[in-house]
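The structure under discussion appears below in the form of structure tokens.
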Amino acid sequence: MLIDAHAHLDQDPDDILPSLLEEIAFHRMLTISTAMDVPSCDRARSIAAKSALVLPKFGIHPSRALAYGDRLPEVSRMIEQSPMLGTIGPDYRSVDDARQRPAGADRG
């Protein structure tokens, strides 16, 4: 069995999704579909409902984290429903304003 540990199936267009799922089934490839926010997690779950080999994983991409600061109850529910978490660490490359980085964080 093959494993794709970090896919973003939620970003693939609807018209190619059936062929992707066929390929996943043909190769018996466990595919962990990593979400980047709540809507992408909802879509990943919808896709996973079509294939036992697709596992949706909740996460908030660091570039979208500020939008979820006041939505922690919603995020907590998503975390509880997810078998694992991903895309949760700091990604300082996407932060243009160095003042928003914690002290001592890589500035390069």
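Identify, please: which residue in segment 8-50 is of a type in the set (Ser, Thr, Tyr) and open to solvent by 20 Å² or more (accessible area, probe 1.4 Å) and is, among those, farthest from MET78 (Cα to Cα)?
SER19
Considering only residues that are closer than 11 Å to LYS57 by Cβ and assigned to a loop (DSSP other than H, G, I, E, B), which ones fall in segment 8-40?
HIS8, ALA35, MET36
The values are calculated or read from the model by the stated rules, or taken from the named source; none is laboratory data. Keep in mind that this is a model prediction, so the values were computed, not measured. We place every Cβ from the backbone using ideal geometry, glycine too, and count neighbours over all the protein chains shown. The accessibility values were calculated without ligands, DNA or RNA, using every heavy atom of the protein model including side chains. Shrake-Rupley method; radii C 1.70, N 1.55, O 1.52, S 1.80 Å.
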